[in-house]
Amino acid sequence: MSEKEDLAKQKAEAAAKAKAAALARKQEKEEVVEKPEGEMDLAKQKAEAAAKAKAAALARKQEKEEAAEKPEGETDIAKQKAAAAAKAKAEALARKQAKAESAEKPEGEKDIAKQKAAAAAKAKAATAAKAKAAAAAKSRTAVKESEEVNTPSELSPNQSKLDQIVSAIESHVGQGALLEHYINRLSKDVPTLVANPDTYFSIAKFLRYDEQLNFSYLSELHGTDFETHMEIYVHLHSFKMNQSVALKVKLDRDSPVITSLVPLWSGANWPECEAYDLLGINFYEHPDLKRILLGEEWKGYPLRKDYQPYDVEV
């Protein structure tokens, strides 16, 4: 067959293909015109979905080809970028969804959510503050211990007077008359004597009538419940020495009994009645021991740590 015949044959085939394509397009248009609107929309959606699927498949194929062509390091970087982009997209979607949910919530639910968030923030702040305070306290304790170890304590100006009083008591009353003695730094460096219950009255009498000491003024007397024991605290002053002293005695809590100091200082009368009234401490040889605040019918002693009212409604 000659070249002219081949060329004519190719032209005839191309003309036939063009004619068939034109006929197909015409037929599609006619079908579209005949189809109801709903079927047309459905057909469009299917066509769009097919186009999207085809584009996605083509994109995946292209990515695979590019990944195959890339070196291993570049592939990892690309994966990381893709993962980061996906994560960012997910976070943005979550924020958008949270905003949408917040907008849809009634006002009351919004307030509750805000209160919960505020309470959580407050609790977190409180925990942080406690931790900070604990660290500060620990630091202060460490500094204090360091100071106590490295800095020698200064001698109290009343130390010589305490030594003088203790020496006089041990000489006239006995070596075992005092359980202990010390300078009370928390109470203006007052010399403090802790007496044995058996020698309490004898020590008080010596402090009162000794010519060198002469503690003639009783300024205070009160009792305290320490749960393990009761304690009487007496504050005396000597105008001759221009010095104060504290006298203490520890008593059994279940049966607190001690000799009255009223024979030595009349000012001990009402304070001892008060200690009897509120703590149940008995002072034998007291001239008129009675309840002066609550009355004899009152049940119990209100200043005791384990006190429970007889009538809780009162």
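Observations on the structure shown:
- When the range 190-208 is limited to residues that are aromatic (Phe, Trp, Tyr) and out of contact with any helix residue (DSSP H, G or I) (no Cβ under 8 Å at 6 or more places or on another chain), the one that is least open to solvent (accessible area, probe 1.4 Å) turns out to be TYR200.
- Taken over the range 278-303, the criterion of being in contact (Cβ under 8 Å) with a residue 24 or more places away in the chain and closer than 27 Å to LEU207 by Cα is satisfied by LEU279, GLY280, ILE281, ASN282, PHE283, TYR284, GLU285, HIS286, PRO287, LEU289.
- Counting only residues that are of a type in the set (A, V, I, L, M, F, W, C), over 27 Å from ILE169 (Cα atoms) and crowded, with 18+ Cβ neighbours inside 10 Å, the range 276-301 holds 3 of them.
- Residue under evaluation ASN269, criteria (1) part of a loop (DSSP other than H, G, I, E, B); (2) more than 28 Å from GLN164 (Cβ to Cβ), criterion not met: (1)
Every residue, every condition in (1) out of contact with any strand residue (DSSP E or B) (no Cβ under 8 Å at 6 or more places or on another chain); (2) among the small types (Gly, Ala, Ser); (3) not in a helix (DSSP H, G or I), yes or no:
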{"residue": "PRO157", "(1), (2), (3)": "yes, no, yes"}
{"residue": "SER160", "(1), (2), (3)": "yes, yes, no"}
{"residue": "SER171", "(1), (2), (3)": "yes, yes, no"}
{"residue": "GLY176", "(1), (2), (3)": "yes, yes, yes"}
{"residue": "LEU179", "(1), (2), (3)": "no, no, yes"}
{"residue": "ASP198", "(1), (2), (3)": "yes, no, yes"}
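- Hey, VAL262 part of a loop (DSSP other than H, G, I, E, B), modelled with pLDDT of 95 or more and touching a Pro at 6+ places or on another chain (Cβ under 8 Å) or not: yes
- Output for the range 157-189, where each listed residue is of a type in the set (Ser, Thr, Tyr), closer than 19 Å to VAL249 by Cβ and at pLDDT below 95: SER187
- Listed conditions (1) closer than 20 Å to LEU279 by Cα; (2) open to solvent by less than 30 Å² (accessible area, probe 1.4 Å); (3) part of a loop (DSSP other than H, G, I, E, B) are all met by ARG253, apart from (2).
- Residue that is surrounded by the most Cβ atoms within 10 Å (Cβ to Cβ) [pool: residues in the range 214-249 that are touching a strand residue (DSSP E or B) at 6+ places or on another chain (Cβ under 6 Å) and either in a loop (DSSP other than H, G, I, E, B) or on the phi > 0 side of the Ramachandran plot (or both)]: PHE215
The values are calculated or read from the model by the stated rules, or taken from the named source; none is laboratory data. Source: prediction; values computed, not measured. Note that we place each Cβ from the backbone using ideal geometry, even for glycine, and neighbour counts take in every protein chain shown. Just so you know, the surface numbers come from the protein's heavy atoms only, side chains and all, with ligands and any DNA or RNA stripped out. Shrake-Rupley method; radii C 1.70, N 1.55, O 1.52, S 1.80 Å.
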